[in-house]
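Just so it is clear, none of the values below were taken in a lab; they were calculated from the coordinates. What you see is a predicted model, and the numbers here were worked out from it, not measured in a lab. Every residue, glycine as well, gets a Cβ built from its backbone with ideal geometry; the counts of neighbours run over all protein chains shown.
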Amino acid sequence: MSEKENGGVSRRNLLGTGLTATLAATAGAVAGGGAMVVTHTGSARAETDDDHHKKALVPPGKLDEYYGFWSGGQSGELRILGLPSMRELLRIPVFNRCSATGWGATNESLQVLTEGLTPASRAYLSSVGLKTYQNGDLHHPRPSYTDGSYDGRYVFVNDKANTRLARIRLDVMKCDKITEIPNAHSIHGLRLQRYPKTGYVFCNGENRAPLVNTGKLLDEPKKWRSVFSAVDAETMQVSWQVIVSGNLDNNDADYKGKYVASTCYNSEEGTTVAEMTGSDKDHIVVFNLAAIEQAIKDGKAEEINGVKVLDGTKTSQLGITIYVPVANSPHGCNAAPDGKHLIINGKLSPTVTIFEWDKFDDIFAGKSKPESAIVGNVEVGLGPLHTTFDGKGNCYTSLFLDSQVVKWNLDDALRAYKGEKVNPIRQKLDVHYQIGHINATHGETKDADGKWAVALCKFSKDRFLNVGPMKPENDQLIDISGDKMVLVHDGPTYSEPHDATIIHASKLHPKEVWNKDDDFFRFSKEWAAKDGVKLGEDNKVVRDGDNVRVYMTAAAPAFGLANFRVKKGDEVTVFVTNTDDVVDLAHGFTIVDYGIAMEIAPQATASITFKANKPGVHYYYCQWFCHALHMEMSGQMLVEEAGA
Ligand code: K7E
Ligand code: CUA
């Protein structure tokens, strides 16, 4: 590294950063100069931007300190990034089709993608020749909690496009359950019960639609409904639903397991932009979990499409919701890690409004007015969307219109609201550009550690090489560990991360290889049992009328079957078991000119079913580079003409 590349940083500071490569180079230079002098140790010096960039640098071979779970937005997938390097580590297909892994085509993935569909959707999809939806719009990845801390079990994600909730297992980083939420329309806000554990997954039905949505009430939008759902995190069944007034945007739960709050930007219950923004006030709605569970027990729910649904509208007498007016069109809804406060982000209003969870007790008891829960209001800048926290009393709010992050102090905000002359605003930092979510390391847990925040920007404009009319998004890394926020990294991402949650690496312990008996392989295990085949040992073709089941192993560099023969018109299922027990030794199975491909990770079994309607010799090959003889890892499917 030259003096210039060092940016004038002294040798002492280079040593202080602990970058071994730099250290070695420096030591060499020192030795060459014939003098071994290390001076100024221990003297204070202000950190430069350069130091911050180095803090985010993860040298080759070193591991990141955090996992980031990144929304893939309209790509329908979930991504894992390492922080602070911002390196993309893995893509987990969820609502999308994946060419590499066969997600959406394999029997294992289709089981996940189809078993939770509503009867209405299943009928619709089959009428258009599909087994499941082919797209999704994934906004909010949320890791499960035990007592306000991440417990490493699952990540839950929403699908705004097709009204679904999905669960990703953190031991294998695979989606294992998807539930379509009946009676709701478009799941947007998604947050989890924090205490005593997750528990419930709270899903906001954003759009108002007829309840039941079967072609009636098309011209009576005032009768359309927005529905809030609580889903059991283990069974992934909808536990109950609550009908609300207005609509539901984002939500969050408290740290005591009592309340969930949601923003509403359409209290007008309009259907056009003009109608939806017509009044200068909207509201938040607060759900009382104990009161809801009691009302269900007391038989107050109506059963609609197999789900118990309660009336939580403004005119309901059940006492399960309260409505608190806030400025027009609020968006983000963020529980502070102090366990006491809730921040509502103004969007059209340049303010954030602070609520105190405990105040809802008296409001539900009828002892005080809904507005009494408001304990602060801060003018932060234009277009506040979301807020995150450092665990040291500071809040970081994204300003979409100003393209800034504003850091403000919660205590000062509470004092200012009481009339003291304090300015809660600490700093405004430019981000590039039009930021949506911001999320800090462990910022949504009681373990918020105030190290890094990511600013998920919707526009990158001039920040990267011009790649044509469609630009990447820009996920920026901010060092929030000091008094001042410092921007340290620009991260281009594909459409469109809305949100990300960040977990310390010590919290997760994914498996290196699959347990070959994992329930994820139940489809293959059940068929193998019926056919008397030992998965991972037998290589065998089972004919059962027009159904042919082909079982084979994959062990580098060969498939267990050099070829297999079927007849045109057969329905063929190929089961491949990767018997290699070696870290990172994945195989694949692709059939040429058949549109068939799937991934088989170490010790996994994957299966895929298709019609052998094209006669001829069709090679199958391993598409995951696995061995020096990877190119040779192939075989042939011989498809005879019918009647041959
Ligand atoms: Cu603000 Cu869907 Cu969380 Cu986008 S939402 S930004
Ligand atoms: Cu097996 Cu490439």
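Computed quantities for the displayed model
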quantity: Cα-based equivalent ellipsoid of the range 308-388: semi-axis lengths in Å, sorted from largest, via gyration tensor; calculated: 24, 15, 12
quantity: Cα pair distances of the range 187-239 binned at 5 Å [whole percent]; calculated: 5, 20, 21, 18, 14, 10, 8, 3, 1
quantity: Euclidean distance of C-alpha centroids, the range 320-360 and the range 534-590, integer Å; calculated: 55
quantity: Loop GluC sites (Glu not before Pro), the range 556-644 (other Cβ atoms within 10 Å of the site Cβ: 15 or fewer; DSSP); calculated: GLU641
quantity: Hydrodynamic radius by Kirkwood, which averages 1/r over all alpha carbon pairs of the range 116-261, in angstrom; calculated: 15.7
quantity: Average silhouette area of the range 118-190, convex hull of alpha-carbon atoms, in square nanometres; calculated: 5.5
quantity: Cα Rg, Dmax (largest Cα-Cα span) when computed across the range 203-330, Å; calculated: 14.4, 42
quantity: Rg to Rh quotient for the range 585-644, alpha carbon positions, Kirkwood Rh; calculated: 1.02
quantity: Stokes-Einstein D for the range 548-608, Kirkwood Rh over Cα pairs, 37 °C, 0.692 mPa s (µm²/s); calculated: 272
quantity: Within the range 314-367, trypsin sites (Lys or Arg not before Pro) in DSSP loop having at most 14 other beta-carbon neighbours inside 10 Å; calculated: LYS314, LYS367
quantity: Whole-Å semi-axes of the ellipsoid equivalent to the range 318-438 (Cα gyration tensor, √5λ, descending); calculated: 25, 16, 12
quantity: For the range 454-613, the spread of Cα positions along each principal axis, largest first, Å; calculated: 69, 40, 26
quantity: Filter on LYS131/LYS611; LYS197/LYS340; LYS340/LYS421 - keep pairs with C-alpha separation over 21 Å; calculated: LYS340/LYS421
quantity: Sum of -39500 (n - 2.57) over DSSP H runs of 4+, divided by residues of the chain (222 nm, nearest 500); calculated: -3500 deg cm²/dmol
quantity: Sequence-distant residues sharing a close amide H with GLY588 (under 5 Å, placed H); calculated: ILE600, GLN623, TRP624
quantity: Ranked list, fewest to most other Cβ atoms within 10 Å of each Cβ, for TRP224, TRP357; calculated: TRP224, TRP357
quantity: Fraction of antiparallel bridges per DSSP, the range 489-644 only, in percent to nearest 5; calculated: 70
quantity: Overall dimensions of the range 61-162 by Cα: Rg and Dmax, Å; calculated: 15.7, 51
quantity: Loop sites in the range 141-220: trypsin sites (Lys or Arg not before Pro), DSSP, at most 11 other Cβ within 10 Å; calculated: LYS216
quantity: Relative intensity, log₁₀ I(q)/I(0), of the range 189-278 from a Debye sum that treats every alpha carbon as a point, q = 0.10, 0.17, 0.18, 0.22 Å⁻¹; calculated: -0.29, -0.74, -0.80, -1.03
quantity: Rg and Dmax of the chain, Cα atoms only, in Å; calculated: 27.6, 91
quantity: Stokes-Einstein D for the range 427-534, Kirkwood Rh over Cα pairs, 10 °C, 1.306 mPa s (µm²/s); calculated: 93
quantity: Tail beyond 19 Å, pair distance distribution of the range 527-644 (Cα, percent); calculated: 41
